[in-house]
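The values are calculated or read from the model by the stated rules, or taken from the named source; none is laboratory data. Predicted model only: the values in this text are computed from it and were never measured. Cβ atoms come from the backbone with ideal geometry, glycine included; neighbour counts cover every protein chain shown. The area values use the complete protein model at the heavy-atom level, side chains included, leaving out ligands, DNA and RNA. Shrake-Rupley method; radii C 1.70, N 1.55, O 1.52, S 1.80 Å.
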Amino acid sequence: DIVSLRSGMYIKVQEDPGERAYIMFDLFGGNLTTKASKNSIDLINSLSTAMSGEVLAQWQGYYKAMMQVNNVYSIAQGLEEGPMRNKVLGECHYFRAYLHLCLVTRFGDVPLMKQNTDEKVSRTPAEEVWNFIYDELDLAISLLGAPDEGYYYLSADAAKALKARVALYMGKKTEAAELAESLINDARYGLDSFDKIFRAGNNKEIIFAFSCLHTDQSKVAISTLFYSYNHPNSGSYVYAPAGDVMTMYSDNDLRKDVSITTLDNLNFINKYPSGQKGTDPVVISRLAEMYLISAEAQGVEKGLGRLNELRQMRGLEKIFPGSENEFINAVLDERRLELLCEGHRWYDLVRTGKAVEKLGIKEYQTLMPIPEAERQTNRNLTQNEGY
């Protein structure tokens, strides 16, 4: 039954946190507004409450998925030695790292769930959670093989890509750059056009993505949140691009038309094109992020070349920042252009200490609130300061 268990694990990790989980850092990060408001801070403040249903859904969804992964992990440990056992255990290690990463970046201290339990758990210090994530990805890399099943399945490369991100977040810049460079220099991958990446074309850029297949009854229909009834794709138009998102792309930026569009004086995020007709894949790791990780980790002296390579691939001219601070700001700007609505912006600002200034939020809003419904059930869960 391990084949079915493996498939079910992928579906649970993909589905349980909900579609908004994939864009929550854009919701909190000033990239989106509601259709009724042009002010992104109103949306951020509406979400920054312990009573938020969206925040609760993610907390519960990530932990529900974690229980499934831990269940598969315990079963896989009893398999015969061999490639299938290694593959499933490697996938479990990756997903345990990925799910804990989603939690620790949102909430800070979170319960570390190495195994399932019915006990009322307490929050684990964030540093311990980060170290667990890092170690789990080492195990995933050692157990997973080449990407021979395509990028909708995990591989050692997918684990390297996520570890590069984690290393950057943890301040392990040498390791982050080395991991990113190992993928940049791998002939299997290459920077590709946005049209191929986000219109389901064959491409060399995606390292790992969730397939979110409509035929498999996936409910991750992000695009429904972005289009309106007047658009050919149709949607509920819950969220619109923030005003500065609509002006941040230059006309020669090859990402512009795929990232944003306007119809009948309404602005739309355009990366997920299915609307109400279906679902779209959700990219977790792709090569452009590796270029940006390598650039940031190496700093202006050695990393500027990687930043400019990406810019030129996207139709932009080279830039020449005069200081390290200017360089970091340029990298963050490029990350916003490149990774719009792929779930990066808020934590990029939080981890670089720029969230309060850039977003106009309070210091306490650099963490999300622990959902009050969870604290009612488990009083061992303390609340983040300020909520």
Point-charge dipole on Cβ atoms (K/R +1, D/E -1) for segment 33-171, about Cα centre, debye to 20: 480 debye
Residue-level accessible surface for residue 28, protein heavy atoms, 1.4 Å, Å²: 0 Å²
Averaged per residue, the 1.4 Å probe accessible area of segment 103-174, protein heavy atoms only, in Å², is roughly 44 Å²
Here are some pairs, 219/271; 35/354; 160/219; which of them have Cα atoms lying more than 24 Å apart in this structure? 35/354; 160/219
Taking just the alpha carbons, could you work out the radius of gyration and Dmax for segment 134-234, both in angstroms? 16.5, 50
Inter-label distance, nm, simple model (7 Å from Cα along the C-beta direction), residue 262/residue 178: 4.9 nm
Cβ-Cβ FRET estimate between residue 4 and residue 195, R0 fixed at 45 Å, reported to 0.05: 0.80
Positive-pole candidate from 53, 98, 108, dipole of segment 35-136, charges at beta carbon: 53
Provide the packing ranking of 60-69, 377-386, i.e. peptides ordered by the mean count of other C-beta atoms within 10 Å per residue, highest first. 60-69, 377-386
What number, rounded to the nearest 500 deg cm²/dmol, is the helix-based mean residue ellipticity at 222 nm of the chain, given -39500 (n - 2.57) per DSSP H run of at least four residues and division by all its residues? -15500 deg cm²/dmol
Globularity ratio of the chain, using Cα Rg and 2.2 N^0.38 Å: 0.95
Give the residue list of trypsin sites (Lys or Arg not before Pro) in segment 315-347 that are DSSP loop and have at most 16 other beta-carbon atoms within 10 angstrom. 318
Karplus (6.51, -1.76, 1.60) ³J(HN,Hα), θ = phi - 60°, over segment 36-53, in Hz, Gly and Pro reported as x: 8, 9, 9, 9, 5, 5, 5, 5, 4, 5, 5, 8, 7, 9, 5, 9, 5, x
Going by amide H atoms built from the backbone, whose H comes under 5 Å of the H on residue 33, apart from near neighbours? 240, 242
Of all the accessible heavy-atom surface of the chain, with the other protein chains kept in place and a 1.4 Å probe, what percent is carbon and sulfur? 48 percent
